[in-house]
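Peer 1: I'd like to ask you about the structure that follows.
The values are calculated or read from the model by the stated rules, or taken from the named source; none is laboratory data. As the structure is a prediction and not an experimental result, all values here were calculated from the model. Counting neighbours? That spans all protein chains shown, and the Cβs are built from the backbone with ideal geometry, glycine included.
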């Protein structure tokens, strides 16, 4: 049985593959690497149910115990908060949630807006620029690095390691990057202990050192997760969303004329081209039935938000951008206890970026045919390598 997720055209346009799979069955078995197989969830109702299913575990350390994976991922990456179940997950998440509440993010909005304007100041009308390199990457990278207290000089390396972590089909690059970023964060934590500041990283250090609530491994792992997750999805949100607007002129003009639609636009753009194509895997702790498919105990399960968000049973005409749509039920941030805790920050960064771009550059257009655009080779994330535009 061939793996439909390895089709050469999947990275450019996964939605045709997702639609074909979903029409056959919203939950089905697909082949994977090293002779293993997984169950792929492509239907909206089934994905939402799977995200909240307590009989699906994210404790990957338990799943891989005693198995030869042939991998050398650093534990800070392979055993992060994303790979835990309650009560450990509940405890870890509670330590960082306060940094990403709507109130905390609201206080960051002036800084985000100022930084966005500063980045857009470098755009010259009529002069080709790469919207990924000049905005979609530096905006969220700078914001999360500022929150964590990562020095300016280290931010390019951080972005490089993060990008490497999602290199599909290149396990050695992924493993190497995991050790590089974990080693860096361990050193940065040591620096913050010697010279404390008001960063989120020092908040986590104090939570461990002051109350003994975090082990050293947990501290490094949380720092790595925040660093990587704090910008990867937002970079893709801005890039994918801007491309969708450029390819849907009526939506772009509507947002320019009605800037208060920014929040609505962010939800619809997240639904239309989700920054996370497939969520990190889960496995069943006992046999379950999902979408009419029987899944045995101990089976890996992949939930595809990118597929679920285009399910016509949930969203009418899902392959079109529609700013009048109520897209708040999208699954781009997941659902249930593992829902992305950085969602308020990502929404703020995306909304501000779209507002500022369409207001400042009324003639903005693609600088190359859309068929020439290159997409990142990763099945987890969905994002552009570059987005050449003419402001």
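Peer 1: Could you check the range 120-144 and list, in sequence order, the residues that are in contact with a strand residue (DSSP E or B) (Cβ under 9 Å, 6 or more places away or on another chain) and buried (at least 18 other Cβ atoms within 10 Å of the Cβ)?
Peer 2: 123, 129, 131, 132, 135, 136, listed by residue number.
Peer 1: Does the range 242-258 contain at least one residue that is in contact with a helix residue (DSSP H, G or I) (Cβ under 9 Å, 6 or more places away or on another chain), more than 30 Å from residue 369 (Cβ to Cβ) and either touching a residue at least 12 places away in the same chain (Cβ under 8 Å) or surrounded by 19 or more Cβ atoms within 10 Å (Cβ to Cβ) (or both)?
Peer 2: No, because not a single residue in the range 242-258 is in contact with a helix residue (DSSP H, G or I) (Cβ under 9 Å, 6 or more places away or on another chain), more than 30 Å from residue 369 (Cβ to Cβ) and either touching a residue at least 12 places away in the same chain (Cβ under 8 Å) or surrounded by 19 or more Cβ atoms within 10 Å (Cβ to Cβ) (or both).
Peer 1: Does the range 39-54 hold any residues that are surrounded by 15 or more Cβ atoms within 10 Å (Cβ to Cβ) and either modelled with pLDDT under 95 or under 16 Å from residue 295 (Cα atoms) (or both), and which are they?
Peer 2: 39, 40, 41, 42, 43, 46, 47, 49, 50, 51, 53
Peer 1: While we're looking at this one, here's another question. If you scan the range 259-280, which residues turn out to be touching a residue at least 12 places away in the same chain (Cβ under 8 Å) and more than 30 Å from residue 49 (Cβ to Cβ)? Walk me through how you get there before you give the answer.
Peer 2: Residues of the range 259-280 that are touching a residue at least 12 places away in the same chain (Cβ under 8 Å), as a first pass: 259, 261-280.
Matches in the range 259-280: 259, 261, 262.
Peer 1: Looking at (1) under 22 Å from residue 225 (Cβ atoms); (2) part of a helix (DSSP H, G or I), which is the one condition that is false for residue 378?
Peer 2: (2)
Peer 1: Any residue at all in the range 308-321 that is farther than 22 Å from residue 20 by Cα and touching a residue at least 40 places away in the same chain (Cβ under 8 Å)? Step through it out loud before you land on a result.
Peer 2: In the first step, residues of the range 308-321 are kept if they are farther than 22 Å from residue 20 by Cα; the result is none.
No.
Peer 1: Determine which single condition residue 96 fails, assuming it passes every other condition in (1) modelled with pLDDT of 90 or more; (2) under 18 Å from the mean Cα position of the chain (by Cα).
Peer 2: With respect to (1) modelled with pLDDT of 90 or more; (2) under 18 Å from the mean Cα position of the chain (by Cα), residue 96 is out only on (1).
Peer 1: Can you confirm whether residue 389 is over 20 Å from residue 118 (Cβ atoms) and outside any helix (DSSP H, G or I)?
Peer 2: Details: over 20 Å from residue 118 (Cβ atoms): no; outside any helix (DSSP H, G or I): yes.
It is false that residue 389 is over 20 Å from residue 118 (Cβ atoms) and outside any helix (DSSP H, G or I).
Peer 1: Something else now. State whether one or more residues within the range 326-344 are modelled with pLDDT of 95 or more and closer than 30 Å to residue 125 by Cα.
Peer 2: Scanning the range 326-344 turns up no residue that is modelled with pLDDT of 95 or more and closer than 30 Å to residue 125 by Cα.
Peer 1: Taking the conditions exactly as written (at pLDDT below 95 and surrounded by fewer than 19 Cβ atoms within 10 Å (Cβ to Cβ)), does residue 76 satisfy them or not?
Peer 2: For residue 76, the condition - at pLDDT below 95 and surrounded by fewer than 19 Cβ atoms within 10 Å (Cβ to Cβ) - is not met.
Peer 1: Suppose we filter the range 1-24 for residues that are exposed (fewer than 11 other Cβ atoms within 10 Å of the Cβ) and within 18 Å of residue 37 (Cα to Cα); how many remain?
Peer 2: Within the range 1-24, residues that are exposed (fewer than 11 other Cβ atoms within 10 Å of the Cβ) and within 18 Å of residue 37 (Cα to Cα) number 3.
Peer 1: How many residues are touching a helix residue (DSSP H, G or I) at 6+ places or on another chain (Cβ under 6 Å) and either surrounded by fewer than 21 Cβ atoms within 10 Å (Cβ to Cβ) or not in a helix (DSSP H, G or I) (or both) if we restrict to the range 322-346?
Peer 2: Within the range 322-346, the first condition is being touching a helix residue (DSSP H, G or I) at 6+ places or on another chain (Cβ under 6 Å), and the residues that meet it are 323, 325, 327-328, 330-336, 341-342, 344-346.
Among the residues that remain, those that are also either surrounded by fewer than 21 Cβ atoms within 10 Å (Cβ to Cβ) or not in a helix (DSSP H, G or I) (or both) are: 323, 325, 327-328, 330-336, 341-342, 344.
Number satisfying all stated conditions: 14.
Peer 1: Sticking with this one: Within the range 110-119, is even one residue loosely packed, with under 12 Cβ neighbours inside 10 Å, under 30 Å from residue 195 (Cα atoms) and without any contact (Cβ under 8 Å) to a residue 40 or more places away in the chain? If you could, list the steps in order and put the result at the bottom.
Peer 2: Looking only at the range 110-119, we keep the residues that are loosely packed, with under 12 Cβ neighbours inside 10 Å, and these are 110, 114.
If we keep only those that are under 30 Å from residue 195 (Cα atoms) too, we end up with 110, 114.
Filter again for without any contact (Cβ under 8 Å) to a residue 40 or more places away in the chain, leaving 110, 114.
Yes, there is a match, as at least one residue in the range 110-119 is loosely packed, with under 12 Cβ neighbours inside 10 Å, under 30 Å from residue 195 (Cα atoms) and without any contact (Cβ under 8 Å) to a residue 40 or more places away in the chain.
Peer 1: Related question: Which of the residues that make up the range 286-321 are outside any loop (DSSP other than H, G, I, E, B) and either on the phi > 0 side of the Ramachandran plot or more than 22 Å from the chain's Cα centre (by Cα) (or both)? Can you show your working first?
Peer 2: Within the range 286-321, the subset outside any loop (DSSP other than H, G, I, E, B) is 288-290, 293-295, 300-303, 305-308.
Passing the criteria: 288, 289, 290, 293, 294, 295.
Peer 1: Looking at residue 363, is it out of contact with any helix residue (DSSP H, G or I) (no Cβ under 7 Å at 6 or more places or on another chain), over 25 Å from residue 163 (Cα atoms) and surrounded by fewer than 16 Cβ atoms within 10 Å (Cβ to Cβ)?
Peer 2: Numbers: out of contact with any helix residue (DSSP H, G or I) (no Cβ under 7 Å at 6 or more places or on another chain): yes; over 25 Å from residue 163 (Cα atoms): yes; surrounded by fewer than 16 Cβ atoms within 10 Å (Cβ to Cβ): yes.
Taking the combined requirement at face value, the residue satisfies it.
Peer 1: Turning to a different aspect of this structure: So, in the range 366-375, how many residues would count as being more than 11 Å from residue 131 (Cβ to Cβ) and outside any loop (DSSP other than H, G, I, E, B)?
Peer 2: 4
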